[in-house]
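The values are calculated or read from the model by the stated rules, or taken from the named source; none is laboratory data. If you're wondering where the values come from, they're calculated on a predicted model, not measured in any experiment. Glycine also receives a Cβ, built like all others from the backbone with ideal geometry; neighbour counts cover every protein chain displayed. To get the accessible areas, we keep the full protein, side chains included, count just its heavy atoms, and leave off ligands, DNA and RNA. Shrake-Rupley method; radii C 1.70, N 1.55, O 1.52, S 1.80 Å.
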Amino acid sequence: MSYSLRQTRRFARAYKKLNDSLATDVDVATEVVADNPAIGERKRGDLADLFVYRFRSQNQLYLLGYTVDQEVRLVYLEAVGPHENFYRDFKRS
């Protein structure tokens, strides 16, 4: 049984700016995460709540950041973007 998905405002703003082919790849990545939230890598330190799922689109590495609420089986989509400066931008906002 897959988890439900919720978008944060940060994720929704970033998703809205994506082109169509990249948005399709993000949709596939979110379905993979919804089916198995443990597939992503759990971060350490000040980002300990965050899981990151890596995927490729248009020959570039993209990251999908999310958190999981096990009690209500819910995945919060936190951020999406290219690997470059992903963590810096995530910490900043």
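Per residue, the accessible area of the chain comes to 65 Å² when a 1.4 Å probe rolls over the protein heavy atoms. Under the convention that each Lys and Arg Cβ holds +1 and each Asp and Glu Cβ holds -1, the size of the dipole of the chain around its Cα centre is about 400 debye.
Among 72-80, 4-12, sorting by the average number of other beta carbon atoms lying within 10 angstrom of each residue, highest first, gives 72-80, 4-12.
Between ALA14, ALA38, ALA48, the GNM of the chain built on Cα springs shorter than 10 angstrom shows ALA48 fluctuating the most. Relative contact order for the chain: 31 percent, from Cα pairs under 8 Å spaced at least 6 residues apart, divided by residue count. Here Cα extents along the principal axes in Å was computed from the coordinates, and among [x] 34, 30, 22; [y] 44, 34, 22; [z] 39, 22, 18 the match is [x]. Accessible area per residue (1.4 Å probe, heavy atoms of protein chains only) ranks TYR3, TYR87 as TYR87, TYR3, with the largest value leading.
Between LYS17 and ARG73, the C-beta separation translates, for a Förster distance of 30 Å, into a calculated FRET efficiency of about 0.55. For the chain, the fraction of 1.4 Å probe accessible surface lying on carbon and sulfur atoms is 46 percent.
Approximating the spin labels as points 7 Å out from Cα along Cα→Cβ, the ASP35-to-LYS91 distance works out to 3.4 nm. Electrostatic tally near LEU50: other residues with Cβ closer than 11 Å to its Cβ, Lys and Arg +1, Asp and Glu -1, net 0.
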